[in-house]
Amino acid sequence: MRVRVFDFRHGGEILERRPAWVELYEVVSGIERDDILTAHSSFSEEGRRVPAGGQTAINKVFRDRLIPLGWRPEPRLFPFDERGLRKWKMDFIKADIGVEISFNHAEAIPWTFTRLNIAGESDRVLEDSRIDVGVAIFATDGLKVWSSMMKPIMPIPMLVVGLDAEGWPATELFRGTGKGSRTLLE
């Protein structure tokens with residue numbers, strides 16, 4: 001997979017010496033089309049409802065690869081007793097690096113940035129879920145517009161990773177997406 005990295009607030013300088021970033025980058029750059037298609041097909045094989053788009057399959061690939069490396073999945077940001085906030089979670093955390101992965105709709109992009117910034121800046125976030133740098137992973141086309149609009153309001157250092165599936169053949173595996181591979185990676 002082709003990977004493009006965009007640096008915000010010196011996120012790259014902070015991450016370049018961290019082994020957890022090297023791990024994450026190797027996982028991200030090692031994802032292939034067949035990995036996502038196999039993960040998507042596995043839902044049917046397991047007797048589960050097959051999702052329409054590729055987001056669930058992409059999440060599964062990341063979970064299967066990051067959890068064995070010690071990345072904690074879905075860390076809760078706020079205490080369970082905080083009624084309106086108890087469902088706020090990041091996708092992964094390790095060594096004070098927060099990771100958010102979003103391949104669904106473009107309107108999810110600002111919320112992805114928001115979660116990472118809250119995890120880095122709010123004193124109400126649970127101590128073991130606080131981060132000092134974030135990594136946001138999107139389909140490259142989905143982040144072009146949002147990254148320029150969000151940069152002025154993002155206080156936390158961050159790397160934005162764009163994944164580009166250019167050259168991947170279209171698939172009809174993802175029902176309801178209208179373009180076959182649209183939600184696999186635009």
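None of the figures in this text is laboratory data; all of them are computed from the coordinates on show. Keep in mind the model is a prediction, meaning the values are calculated, not measured. Backbone-built Cβ (ideal geometry, glycine too); neighbour counts: all protein chains shown.
Key figures
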read-out: Loop sites in the stretch 86-133: trypsin sites (Lys or Arg not before Pro), DSSP, at most 16 other Cβ within 10 Å; value: Arg86, Lys87, Arg124
read-out: Pairwise label distance in nanometres, Thr38 with His10, each label 7 Å out on the Cα-Cβ vector; value: 4.1 nm
read-out: Fewest-first sequence of Thr112, Thr56, Thr38 by Cβ atoms within 10 Å of each Cβ; value: Thr38, Thr56, Thr112
read-out: Spin-label pair Tyr25/Leu69, simplified geometry with 7 Å Cα→Cβ offset, distance in nm; value: 1.1 nm
